[in-house]
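S.K.: Take this structure first; my questions come after.
Coordinate-derived values only; no laboratory data. Since the model is a prediction, treat every value here as computed from it, not as a measurement. Note that we place each Cβ from the backbone using ideal geometry, even for glycine, and neighbour counts take in every protein chain shown.
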Amino acid sequence: MALALAVIATPVAVALTATAASAQEAAIEKAASLATAGAVPGRVPFDYKGALTPTVEIDLGPGMLADAGGLIQAVLVGAAEELQAATGSGGELAQAAAQAAAIQEDVRGIIETVQGAVHEVRVRIFADLDETQMAECTQLVDHYRQAVQTEDWDDTIRVRDRQAQVDICLLRSEGSVQGVFVVAQEGNDVVLVNVTGDVSPDRLREVSRLAIRLGLRFGLQQQLEEVFRRLPR
């Protein structure tokens, strides 16, 4: 379940971080200035030197995030229109159309809320590892966990069950979140996600509210309750 949620969350994260066309140039300029000045705050280099290589690599900068956000919105609009066109066939389809429209509106709200706030999204997926690869993958995961522990990262959320575990770390600076690093492992699959940006607490609260509402729409109430139960108090 942890890996499935992480993989599903990747395109959603792209939607969350997409910028509108009017904000795209500013985001690109800001990312360029950060790169010129040195290391991008919140960026965790995928620099593990072992033999293990990712099954899937995703690297999205500001321009790609804007394009992805537009594509995701277009897909949602198309799905909602198709469902709405079929409402004459019965109440269940009408309900499905209303649900699709509500999801579309929530995603649009998330995109607008984080407009221009996220600079890049980077994902590494290691899938279907054998026993030898899993042994090395344990070293890989430890490498990145130690990397964030040596910096000013907060180990914010940890979720554990029999076969899966998820760690979420945040890098905070001057009241905003500049980096997110996620390690998700389930069975013989591992996912690493690194997001950089400059997200204020107000934006985080609004995105969290909309993301939780989306999760409830997709029937993830039990998983959300588990996450909040494990939050530090």
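S.K.: At 0.36 nm per residue, minus the direct Cα-Cα distance, what do D47 and A127 gain on full extension? Give it in nm, one decimal, please.
M.R.: 26.9 nm
S.K.: Label points 7 Å out from Cα along the Cβ direction at Q139 and E174: separation in nm?
M.R.: It is 4.0 nm.
S.K.: Moving on to the next point. What does the charge add up to near V191, with Lys and Arg as +1, Asp and Glu as -1, over the other residues with Cβ less than 12 Å from its Cβ?
M.R.: With Lys, Arg at +1 and Asp, Glu at -1, the neighbours total -2.
S.K.: Label D154 and A102 with points 7 Å out from Cα along Cα→Cβ: what is the distance between them in nm?
M.R.: Distance between the two pseudo-spin positions: 3.1 nm.
S.K.: What does the net charge come to around L52 if you take all other residues with beta carbon closer than 12 Å to its beta carbon, with K and R at +1 and D and E at -1?
M.R.: 0
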